[in-house]
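The values are calculated or read from the model by the stated rules, or taken from the named source; none is laboratory data. Since the model is a prediction, treat every value here as computed from it, not as a measurement. Positions of Cβ are backbone-derived with ideal geometry, glycine not excepted, and every protein chain shown enters the neighbour counts. When the accessible area is computed, the model is the full protein with side chains, heavy atoms only, and any ligands, DNA or RNA have been set aside. Shrake-Rupley method; radii C 1.70, N 1.55, O 1.52, S 1.80 Å.
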Amino acid sequence: MARDEELHVLSALDSAKTQWYHFTATVVAGMGFFTDAYDLFCISLVTKLLGRIYYHVEGASKPGTLPPNISAAVNGVALCGTFFGQLFFGWLGDKLGRKRVYGITLMLMVICSIASGLSFGKDPKSVITTLCFFRFWLGFGIGGDYPLSAAIMSEYSNKKTRGAFIAAVFAMQGFGILAGGFVGIVVSAAFKAAFKSSPYSTDPLGSTVPQADYVWRIILMLGALPAALTYYWRRKMPETARYTALVAKDAKQVAADMSKVLQVQIVVEQEKVERLGQDRKRSFGFFSKEFAMRHGLHLLGTAATWFLVDVAYYSQNLFQKDIFSAIGWIPPAQSMNALEEVYRIARAQSLIALCGTVPGYWFTVFLIDRLGRFVIQLMGFAFMTIFMFALAIPYHHWISKENNIGFVVMYAFTFFFANFGPNSTTFVVPAEIFPTRLRSTCHGISAAAGKAGAIVGAFGFLYAAQSQDRTKTDAGYPPGIGVKYSLIVLGVINLVGTLFTLLVPESKGRSLEEISGENDGGDHDKEAAETQGVHDHTGSSSSRTLPLPQVVETKILQT
């Protein structure tokens, strides 16, 4: 939109000082991601317990494990649900508005978290079937939270600290993962103290006490608690000013909502809103040639980088327990009872989250508006590549007992640079660079590409990480390429991610309308198309980037 056509309420949001409503919105949206991470990653704590309980083989030398197809389903079904939820709710968020859809996703999470722990029946088939059914719909709700939370936070934030607030929402995932590990430690320790049992090697049947069936159910069901606590506050949040003004075209409503949020009196600009709505150059659709020219390469860049980072990230996160077992950091399964194994896995996962995952997220929060999105993403992919190869090439050095701690430290660094890198920036950038009317849709597509990568990582790593020696594979699995070569493959994937990062524009310090080209209107179509693929990634202006924002006088009457 031309400078004289820029809505004053949007200028007010862009230039507003950091206020209490910014932090409120961050916490309300962030608690959804806390729940998302808890629900998606806590399943990795209990899969070995499910194998011991429901797939015990009498006379076997090792505890029961989930068959390959069952393990793939349990670990991956929520990711499949998330994939479809991101596409559906991303589209719906642009059609109906962010607020109207926001509460639906949260209620899905609450109901399905509880239901997944209540899985009906006693035989393995009934339990696993109902568990997978409810975890699919849990993932569907989680998927909706990605585009909606990102769009809401970006449209509420000022341009100076927008990256930090969007990243802070996503950073709550770190605390969700940490909380999942903590709950696993507490619940397993409590049951272990109350119900004593011998290791599997001593008493195969007695090593899994009947009460262990409650442990995995409690861990899964507690994921409903944080989501339920934030439902009321989500319903109280007003629709974002950008959606109300630029998509719903309701100037009175946006003035009323933002007067309350900003605590100033906003002038109604109905005529200006209507003029903007009548400009066909600002209303092109997703499948139009105009969108392909302006944003086609941007969408390819955000989707491809998210896909690639999630292949690496989810394969590492969901299968930490397998890697820790391979290097001897967790004792052999037959030397522990069922509850001890859950405790050990939860403790190891919590340590990685505390030392690598959580700090990485918050480094991004504090530095993203200083270094920029592009620098952090490129640096993160590069360091992930380096550390993956550093783990993989001398792998036999790391698996010797005296070097186990060194392996864990290096492994933690890959998580640190994933989160102080592409795992965070791939969430932030799609919420900034697309037009308001398509922002949620494009973020949902980018996020769904990421979940497709997560599915590849989750399913593929199950088989790839198996030993090349058939006698050392888990029950029911064919020989794979082993952990060493799996890490090499992940290193190559991260390297490719650095190349696709070049398609992603820098969005630091500019208004959403300038980044997306909504300020250009019909006069700069050719220039907007040319901006794709060639950007000044420092965030400064150039002849081939969108112009930097100018100061616009706002009609705000202080109350």
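Taking the stated definitions as given, is residue 89 within 23 Å of residue 168 (Cα to Cα), part of a helix (DSSP H, G or I) and under 28 Å from the mean Cα position of the chain (by Cα)?
Numbers: within 23 Å of residue 168 (Cα to Cα): yes; part of a helix (DSSP H, G or I): yes; under 28 Å from the mean Cα position of the chain (by Cα): yes.
Answer is yes for this residue.
Going by what's in this entry, would residue 160 be described as in a helix (DSSP H, G or I) and either open to solvent by 30 Å² or more (accessible area, probe 1.4 Å) or out of contact with any helix residue (DSSP H, G or I) (no Cβ under 6 Å at 6 or more places or on another chain) (or both)?
Values: in a helix (DSSP H, G or I): no; either open to solvent by 30 Å² or more (accessible area, probe 1.4 Å) or out of contact with any helix residue (DSSP H, G or I) (no Cβ under 6 Å at 6 or more places or on another chain) (or both): yes.
For residue 160, the condition - in a helix (DSSP H, G or I) and either open to solvent by 30 Å² or more (accessible area, probe 1.4 Å) or out of contact with any helix residue (DSSP H, G or I) (no Cβ under 6 Å at 6 or more places or on another chain) (or both) - is not met.
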Checklist entry - Hey, does the range 466-475 have a residue that's modelled with pLDDT of 90 or more and assigned to a helix (DSSP H, G or I)? => result no
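Listed residues 323, 352; which is part of a helix (DSSP H, G or I), of a type in the set (Val, Ile, Thr), within 20 Å of the chain's Cα centre (by Cα) and modelled with pLDDT under 90?
Working: 323 fails: within 20 Å of the chain's Cα centre (by Cα).
Criteria check complete, one pass: 352.
Does residue 52 qualify as being part of a helix (DSSP H, G or I) and either modelled with pLDDT under 90 or surrounded by fewer than 22 Cβ atoms within 10 Å (Cβ to Cβ) (or both)?
Details: part of a helix (DSSP H, G or I): yes; either modelled with pLDDT under 90 or surrounded by fewer than 22 Cβ atoms within 10 Å (Cβ to Cβ) (or both): no.
In short, no.
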Checklist outcome for this item: Filtering the range 100-136 down to residues that are surrounded by fewer than 20 Cβ atoms within 10 Å (Cβ to Cβ) and within 23 Å of residue 229 (Cα to Cα) yields 100, 103, 104, 107, 111, 114, 117, 118
Next on the checklist: Just the residues that are of a type in the set (Asp, Glu), surrounded by 20 or more Cβ atoms within 10 Å (Cβ to Cβ) and either at pLDDT below 80 or not in a helix (DSSP H, G or I) (or both), please, taken from the range 1-35.
Outcome noted: 6
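A quick yes/no check of all residues on (1) under 30 Å from residue 451 (Cα atoms); (2) hydroxyl-bearing (Ser, Thr, Tyr); (3) in contact with a strand residue (DSSP E or B) (Cβ under 6 Å, 6 or more places away or on another chain):
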position	(1), (2), (3)
9	no, no, yes
13	no, no, no
17	no, no, no
20	no, no, no
28	yes, no, no
45	yes, no, no
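Residue-by-condition table, conditions (1) open to solvent by less than 30 Å² (accessible area, probe 1.4 Å); (2) touching a Leu at 6+ places or on another chain (Cβ under 7 Å); (3) assigned to a loop (DSSP other than H, G, I, E, B):
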| residue | (1), (2), (3) |
| --- | --- |
| 415 | yes, no, no |
| 418 | yes, no, no |
| 425 | yes, no, no |
| 440 | yes, yes, no |
| 453 | yes, yes, no |
| 487 | yes, yes, no |
| 499 | no, no, no |
| 510 | yes, yes, yes |
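Can you find, within the range 198-218, the residue that is nearest to the chain's Cα centre (by Cα) among those that are of a type in the set (A, V, I, L, M) and closer than 13 Å to residue 340 by Cβ? Step through it out loud before you land on a result.
Going residue by residue through the range 198-218, those that are of a type in the set (A, V, I, L, M) are 205, 209, 212, 215, 218.
Imposing the further condition that a residue be closer than 13 Å to residue 340 by Cβ reduces the set to 209, 212, 215.
On the way: 209: 35, 212: 30, 215: 26 Å.
Residue satisfying both the conditions and the ranking: 215.
Of all residues in the range 137-146 being of a type in the set (A, V, I, L, M, F, W, C) and open to solvent by less than 40 Å² (accessible area, probe 1.4 Å), which is nearest to residue 237 (Cα to Cα)?
Of all residues in the range 137-146, those of a type in the set (A, V, I, L, M, F, W, C) come to 137-138, 140, 142.
Then drop every residue that is not open to solvent by less than 40 Å² (accessible area, probe 1.4 Å), which leaves 138, 140, 142.
Working: 138: 23, 140: 22, 142: 19 Å.
Looking at residues that are of a type in the set (A, V, I, L, M, F, W, C) and open to solvent by less than 40 Å² (accessible area, probe 1.4 Å), I get 142.
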Checklist outcome for this item: In the range 424-447, anything more than 16 Å from residue 157 (Cα to Cα) and basic (Lys, Arg) is listed as 437
Checklist outcome for this item: Of (1) surrounded by 17 or more Cβ atoms within 10 Å (Cβ to Cβ); (2) in contact with a helix residue (DSSP H, G or I) (Cβ under 6 Å, 6 or more places away or on another chain), residue 466 fails just (2)
Item to check | Whichever residue in the range 67-86 is under 18 Å from the mean Cα position of the chain (by Cα) and of a type in the set (Val, Ile, Thr) and, among such residues, is most open to solvent (accessible area, probe 1.4 Å) | outcome: 77
Next on the checklist: List the residue pairs whose Cβ atoms are under 7 Å apart, where the first residue sits in the range 50-68 and is farther than 18 Å from residue 472 by Cα, the second is crowded, with 22+ Cβ neighbours inside 10 Å and of a type in the set (Phe, Trp, Tyr), and the two are 6 or more positions apart or on different chains.
Outcome noted: 50/216
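Looking at the range 87-99, which of the residues that are among the charged types (D, E, K, R) and within 23 Å of residue 226 (Cα to Cα) is least open to solvent (accessible area, probe 1.4 Å)? Lay out the reasoning, then the answer.
Going through the range 87-99, the residues among the charged types (D, E, K, R) turn out to be 94-95, 98-99.
Now narrow it down to the ones that are within 23 Å of residue 226 (Cα to Cα): 98-99.
Working: 98: 0, 99: 66 Å².
In this case the residue turns out to be 98.
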Next on the checklist: Where the second residue is part of a helix (DSSP H, G or I) and not small (Gly, Ala, Ser) and the first is over 16 Å from residue 376 (Cβ atoms) and lies in the range 404-419, which pairs have Cβ atoms under 6 Å and are six or more apart or on separate chains?
Outcome noted: 407/398; 410/387; 410/391; 412/352; 412/355
